[in-house]
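Following: one structure in structure tokens, then a few remarks.
The values are calculated or read from the model by the stated rules, or taken from the named source; none is laboratory data. Owing to the predicted nature of the structure, the values given are computational and were not obtained by experimental measurement. Here the Cβ positions follow ideal geometry from the backbone for every residue, glycine too, while neighbour counts run over all protein chains shown.
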Amino acid sequence: MTIECLDECKWVLNTQKTTYAFGLGVDEMLTHLYWGPRLSFSSDIPEPLRTFHASFNNMRDMANLEYPSQSGMAYHEVCLKARLHDGSRDVILNYDSYSIGDVEIREEKCPKLTVILKDPHYSLTVHLHYIVYEKYDLIERYSEIINTGSELIQLDQAFSAAFYVPEGFPYRLTTISGGWAAEYTLNQEMLVPGKKVIESRRGATSHNSHPWFALDHGNSQECSGDVWFGALRWSGNWKMSFEHTPRNQIRILAGLNNYDFTWGLLPKNPLITPSVILGFTSQGFGQASRNLHHFQEDLILPKKHNKKLRKILYNSWEATYFDVNLENQTSLAEKAASIGVELFVMDDGWFGQRNTDMAGLGDWYVNTQKFPEGLDPLINKVNELGMDFGLWVEPEMVNPDSDLYRAHPEWVFQFPNREITRARHQLNLNLAKPEVKDFVFHMVDDLLNKYNIKFIKWDWNKSISEPGWPDVPKEHQQEVMVHYIKNLYDIFSKLRVSHPNVVFETCSGGGGRIDMGILSFTDQAWISDNTNPYDRLFIQEGYSHIYCPKSMVCWVTDAGDDNLFSLKYRFYSSMMGTLGIGANLNNYTEKQLKIAKKHIKRYKEIRPLIQEGEMYRLLSPRAGNVSAVQYMNVEKTEGVVFIFLQSSKFPENRFRLIFQGLNPESQYKISKISQKLSGRLLMSLGALITLDGHFKSELLKVTQIE
Ligand code: GLA
């Protein structure tokens, strides 16, 4: 059974290889019992802690509560903090009832458990929701907080979930941090008593910290070892805390950031928290990533396009910056089409008075100095060349030097009597305002109605500051960051219905707003403004820990020294996800165009393996001079391996490449290796590879022999 209730007070959630269990502990408190490898006998589920002897603690502090609230002797981080109508701040959540049913997600019926907790005195109820994704070995948790009375309840903290890893082990935490042009850096540290917090306060996911974690005992590897992991499905302010308690518990909380947050919970108007996706594997970090990848490809990425191959795009940004016009874009489009590009995207600069970043955001009409007859001549040309046309927009922003700002200065976030901080000469529109939400939807909807646009790159280049929202009563003003994201999601949902054939790309100065929330509405992501092909190996590796290759857009550009990076190296680095070209093709020689064409042709042949196969990180760029990533089809009959050598140092330029994801009993032919070798040997001893020179790369084809 996927979800069972045992002895009327113990709930067990089974996926193919994992079990998650909780039950009633003392005083009707819902207590976490187990999360880890699948248990065959329910008698193996640990019993809840029943007693604890010390006058400084009681069970509210010591038990692993499924949804702890601020009450009594709870001195740890809690999911829910509230101010009740009579001023009390003590929230008791006792078990009330449960239900088990199904929820239809895409074509799949997924089992769902809901457990209801109620305060014994006040009109406060919490529904804890659990959805089980059996074949992905994942569960989804979120909460619904309901005011069943008639008076306002002020929430100061409302996390999605609390969860725990088995006690009595040391734990290592893996997180992802970064900055603009340096996203997705992996960090590892042993947890020690105290609290580690990762979060964003910027109004978006952020470049700096990522809503994902992995925990292991300090010795798990790519292919082996226990890994517990989780990711939030939310694109706004978020927080995860990892609390190592004095009793060696690891209590993890995830959800909406409580920074600058309160929620005026109105009667019968529940707060539904973001989901957290949780998984466990005993097959290392690689399998943790693949479980998330499969889940995203099947159930997160928007349905219309999730099973389609992503097109090879050209993007004008690094070639022409703001200086776009009919002539230079036409010429780029001709070159792009001639080398096999399928989608031509015009980036920033096409609208309003957008000649630099100092003006124009908000004025989403075509700049007629650059495009005297509008966008149609360019779009028609692009279509005649056999490509789709795509456009860059940044709808949630405004430059003070714009007609929109002059007409609606009240649409931006602001506090009275305070300057509004500008960055990149722009300000944030307050999307929580219904009129701004309407404007943004109609602006994009109109563009898509008017022109034959098949792709939108949706950018967001300034973190939110001075988040004032004077239009609503004070008790609701600090809800603004949540309403902002909920409205953003609504806009995307509506656009996806009215324009089902349009593909959307999320971008925020590169990778500042990528998460499982936004990827439920956008098909792919621009993961970094850093397009140096060597730096990219690191950024892309970090990204791959969470997100599937299909969603990862990588451009071949002119960044970095041409003496260091051959076009082949640039292409191989960018072929590991959804390939794009951002180089100035107007400066390419005939020879370069020919090389580019050859690689694009090759990419088209292997694209299904990369975008729809399984990814295996063979050698990490963080670990040394050589890095390698393998992609195999799910049948394990065909694959490719990308290899990169940083610099040649004898004898390290001859190294063993140990493959993964093969059938041990089959024999394989590897291009550039004359001998046919068994999967078993390739996955144990591997094959010896030699690469010479600096910044060298190789692409191996792996084929199972019939
Ligand atoms: C951001 C994006 C870039 C480009 C510019 C345009 O920085 O990440 O790719 O679109 O904006 O201004």
Out of 335, 308, which single residue is among the basic types (Lys, Arg), without any contact (Cβ under 8 Å) to a residue 40 or more places away in the chain, over 30 Å from residue 155 (Cβ atoms) and not assigned by TED's automatic domain parsing to the domain that holds residue 219? 308
So for region 628-638 (the condition being of a type in the set (Lys, Arg) and under 30 Å from residue 561 (Cα atoms)), does at least one residue qualify? no
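Residue-by-condition table, conditions (1) more than 23 Å from the chain's Cα centre (by Cα); (2) without any contact (Cβ under 8 Å) to a residue 24 or more places away in the chain; (3) assigned to a helix (DSSP H, G or I); (4) on the phi > 0 side of the Ramachandran plot:
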| residue | (1), (2), (3), (4) |
| --- | --- |
| 572 | yes, no, yes, no |
| 576 | no, no, no, no |
| 591 | yes, yes, yes, no |
| 595 | yes, no, yes, no |
| 617 | no, no, no, no |
| 629 | no, no, no, no |
| 665 | yes, yes, no, no |
For region 497-524, enumerate the residues that are in contact with a strand residue (DSSP E or B) (Cβ under 8 Å, 6 or more places away or on another chain), over 24 Å from residue 188 (Cβ atoms) and within 15 Å of the ligand (Cβ to nearest atom). 504, 505, 506, 507, 513, 518, 522, 524
Every residue from region 4-35 that is assigned to a strand (DSSP E or B) and touching a Lys or Arg at 6+ places or on another chain (Cβ under 8 Å): 14, 18, 19, 21, 22, 23, 24, 33
What do you reckon, is residue 67 surrounded by 20 or more Cβ atoms within 10 Å (Cβ to Cβ), among the hydroxyl-bearing types (Ser, Thr, Tyr) and assigned to a loop (DSSP other than H, G, I, E, B)? yes
Picked from region 311-332 (must be in a helix (DSSP H, G or I) and free of Cβ contacts under 8 Å to residues at least 60 places away in the same chain), the residue surrounded by the most Cβ atoms within 10 Å (Cβ to Cβ) is 329
Could you tell me whether residue 603 is under 22 Å from residue 320 (Cα atoms), away from the ligand (no atom under 16 Å from the Cβ) and of a type in the set (Ser, Thr, Tyr)? no
Criterion violated by residue 543 - all others in (1) free of Cβ contacts under 8 Å to residues at least 60 places away in the same chain; (2) farther than 15 Å from residue 315 by Cβ; (3) within 16 Å of the ligand (Cβ to nearest atom) satisfied: (1)
Number of the condition not met by residue 177 [criteria: (1) closer than 29 Å to residue 507 by Cβ; (2) assigned to a loop (DSSP other than H, G, I, E, B)]: (2)
I'd like the full set of residues that are part of a loop (DSSP other than H, G, I, E, B) and within 16 Å of the ligand (Cβ to nearest atom), limited to region 364-396. 364, 367, 370, 394, 395, 396
Given (1) within 15 Å of the ligand (Cβ to nearest atom); (2) not in a loop (DSSP other than H, G, I, E, B), index of the condition residue 354 fails: (2)
Mind telling me which of the residues 169, 242 ends up being in a strand (DSSP E or B) and out of contact with any helix residue (DSSP H, G or I) (no Cβ under 7 Å at 6 or more places or on another chain)? 242
Residue by residue through region 525-535, note down the ones that are within 14 Å of the ligand (Cβ to nearest atom), over 15 Å from residue 210 (Cα atoms) and buried (at least 23 other Cβ atoms within 10 Å of the Cβ). 526, 531
